[in-house]
Structures are given as structure tokens and as C-alpha cells.
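Engineer: This is the structure I want to talk about, given as C-alpha cells.
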Amino acid sequence: MIDEDARALAVRAAQVADAEHATDVIVLHVGDVLGVTEYFVVGSASNRRLVNAIVEDVEAQLKDDPGRAPIRVEGGREQQWVLIDYGDVVVHVFLAEIRDFYEIERLYTDVPKVDWAPV
């Protein structure tokens with residue numbers, strides 16, 4: 001069963017990250033393999049300042065529309081891999097070389113990717 005509110009939140013987070021110049025943004029429906037969340041949004045940034053800008057914009061935009069604040073944010077101080085946890089959606093913003101190192105998508109090759117379109 002697909003949670004449409006969670007899907008809409010994930011798509012919106014991807015759009016915001018993309019608009020803030022995140023690269024290689026993907027949305028993965030991980031709900032069938034993970035019991036803790038429905039969607040991962042994954043994006044990269046070329047430098048730490050951009051990681052921070054993307055994280056701040058995602059938080060601000062999702063707080064305004066659709067009115068959601070994260071449960072917690074981890075990794076903000078280091079600005080290499082920041083995780084924004086909304087419960088049903090987890091946004092991962094990586095410094096590009098850190099994403100290349102961990103290859104998080106490789107762990108979820110068997111889950112569906114969600115189509116989303118930039119705004």
C-alpha cells in the first residue's frame with residue numbers, strides 16, 4: 001500500500017533539493033524492505049556549504065508547504081552526510097565524494113524509484 005502523503009512529501013523534498021542545485025536526486029520507495037520509513041530522498045552537493053544550503057532550504061520549504069517539520073536532523077555539524085528524518089520520509093544530502101564512497105543506492109537496487117519532476 002502506498003502512502004500518498006508520504007510520496008508527495010518525498011517528491012516535494014526532491015524538487016526543493018533540485019531547485020537548490022543538488023545533483024543526482026533520486027526518490028526510492030523503501031517501505032517494503034525497511035520497517036522504519038517509506039521513502040528515501042537522496043541528493044548530492046559539490047561542497048559543504050551547498051550541503052548546508054540544501055538542508056536549510058528543504059527544512060524551510062517543507063515546514064511552509066506541506067507544513068512538516070523534521071523529527072530530527074543528523075550530521076549538520078559535519079555537513080558531509082546530513083539526514084533529515086520526517087518519519088515516513090528520510091532525506092539524505094551527501095557531499096558528492098561521501099555519496100560515492102557509501103553508494104547508498106547500491107543497497108536498494110531492488111526497490112522502485114519514484115518519478116518526480118523539477119518545478
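The values are calculated or read from the model by the stated rules, or taken from the named source; none is laboratory data. Keep in mind it's a predicted model, so treat the numbers as computed, not measured. When we count neighbours, we look across all protein chains shown, and the Cβ atoms used for this are built from the backbone with ideal geometry, even at glycine. To get the accessible areas, we keep the full protein, side chains included, count just its heavy atoms, and leave off ligands, DNA and RNA. Shrake-Rupley method; radii C 1.70, N 1.55, O 1.52, S 1.80 Å.
Engineer: Only one residue in E4, E38, E59, E78 is acidic (D, E) and in contact with an Asp or Glu (Cβ under 9 Å, 6 or more places away or on another chain), so which one is that?
Structural biologist: Just one listed residue meets the conditions, E38.
Results for (1) touching a residue at least 12 places away in the same chain (Cβ under 8 Å); (2) in contact with a strand residue (DSSP E or B) (Cβ under 6 Å, 6 or more places away or on another chain), shown as yes or no for each residue.
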| residue | (1), (2) |
| --- | --- |
| E4 | no, no |
| R12 | yes, no |
| Q15 | yes, no |
| T23 | yes, yes |
| F40 | yes, yes |
| N52 | yes, no |
| E56 | no, no |
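Engineer: If the Cβ limit is 6 Å and pairs must be 6+ apart or interchain, which residue in the stretch 70-88 that is aromatic (F, W, Y) pairs with which residue that is open to solvent by 40 Å² or more (accessible area, probe 1.4 Å)?
Structural biologist: The qualifying pairs are Y86/R68.
Engineer: If I go through the stretch 45-74 residue by residue, how many of them are touching a His at 6+ places or on another chain (Cβ under 8 Å) and either open to solvent by 90 Å² or more (accessible area, probe 1.4 Å) or not small (G, A, S) (or both)?
Structural biologist: Number satisfying all stated conditions: 2.
Engineer: For the structure I just gave you, tell me whether V119 is hydrophobic (A, V, I, L, M, F, W, C) and touching a residue at least 40 places away in the same chain (Cβ under 8 Å).
Structural biologist: Yes: the conditions hold for V119.
Engineer: Taking into account only those residues within the stretch 87-115 that are assigned to a helix (DSSP H, G or I) and charged (D, E, K, R), which is most open to solvent (accessible area, probe 1.4 Å)?
Structural biologist: If we take residues in the stretch 87-115 being assigned to a helix (DSSP H, G or I) and charged (D, E, K, R), then R106 is most open to solvent (accessible area, probe 1.4 Å).
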